[in-house]
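Just so you know, all these numbers are worked out from the coordinates, no wet-lab data involved. Only a predicted model underlies this, so the values are computations on that prediction, with no experimental measurement involved. Methodologically, a virtual Cβ is constructed for each residue, glycine included, from the backbone with ideal geometry; neighbour enumeration extends over all protein chains shown.
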Amino acid sequence: MRTKYKSWAKPYLDEHQEISLTEEEVKKLDNIYLEIGSGKGDFLILMANKFTDKFFLGIEKNVTCSGITAKKIVEAKVNNAKLIYNDAINVLPLLKEGSVNTIFLNFSDPWPKKRHHKRRLTSANFLQQYIRVLKKGGRLIFKTDNLELFNDSLEYFTSSPFKLISITNNYLGEDDFDAKTEYEHYFNLEGTPINRVIYEK
Ligand SMILES: C[S@@+](CC[C@H](N)C(=O)[O-])C[C@H]1O[C@@H](n2cnc3c(N)ncnc32)[C@H](O)[C@@H]1O
């Protein structure tokens, strides 16, 4: 599911800075519903449309995916979702302590080679930031098709202060506080089981 590079994406993001946030604005945010690695934005926009009283923020480092998301936000006139085109490792330190309500990690890149494990969005450095930015009782919800990433991640969480709330290896999309992502849609068509875990701070 490689995303073909689109040369219009960067100029589009530059022209539509209203869908993003400045560093100063990021530092002031509160009660955020944060998706890291939001891809082409399907989940972000479905959730923002479903829960209009909540503020959704996507962080995505791929320029084409970010441009596609920005276009969807602009065209659907979604006013409770923003997108930051950047690597989460640069954005997370800007967020205030306790300013995030929920973190969604949807079908994060598996980085199968051991030397790349530290790039995983569930690796120790990221978990440390998640614990800092989440409010007390805030949740992290992680969905993936990749069992190796899932099982390794469960171990990473064991060495963190996160409390396990629920876990399944056969998630069927039954939670109302959820929406289907682009990847999930394809995995559902293939009949690939979805693993899902919820943690609380
Ligand atoms: C496998 S795709 C899944 C996209 C989407 N969440 C879905 O389920 O359809 C993972 C996405 O995470 C993004 N990503 C990976 N690491 C990231 C990071 N450190 N910061 C921001 N985005 C990241 C990638 O660019 C990619 O678009």
Under the Karplus curve 6.51 cos²θ - 1.76 cosθ + 1.60, θ = phi - 60°, whole-Hz ³J(HN,Hα) for the range 109-123, x wherever Gly or Pro sits | 4, x, 6, x, 6, 4, 5, 9, 4, 5, 7, 4, 6, 10, 6
The range 9-200: antiparallel DSSP beta bridges as a percent of all, rounded to 5 = 35 percent
Proxy exposure order for 201, 10, 77 (fewest C-beta within 10 Å first) is 77, 10, 201
CD proxy, 222 nm, the chain: helix-only mean residue ellipticity via -39,500 (n - 2.57) per DSSP H run with n ≥ 4, per residue, nearest 500, stands at -9500 deg cm²/dmol
Net charge near residue 30, counting Lys/Arg +1 and Asp/Glu -1 over other residues with Cβ under 13 Å of its Cβ?
-> +3
Provide, for q = 0.11, 0.13, 0.17, 0.19 Å⁻¹, the log10 of I(q)/I(0) from a solvent-free Debye sum over equal Cα point scatterers in the chain.
-> -0.47, -0.68, -1.22, -1.55
Cut-off 9 Å between beta-carbons: net charge of the residues surrounding residue 43, Lys and Arg +1, Asp and Glu -1 = -4
Over 23 Å (Cα to Cα) - which of 40/180; 113/180; 135/180; 28/163 fall in this group | 113/180; 135/180; 28/163
Relative contact order in percent for the chain (Cα pairs under 8 Å, 6+ apart) equals 21 percent
Give me the net charge of residue 59's neighbourhood, meaning all other residues with Cβ under 11 Å from the Cβ of residue 59; Lys, Arg count +1, Asp, Glu -1.
-> -1
Between exposed GluC sites (Glu not before Pro) in the chain, where DSSP calls loop and at most 16 other Cβ atoms lie within 10 Å, what's the longest gap?
-> 1-96
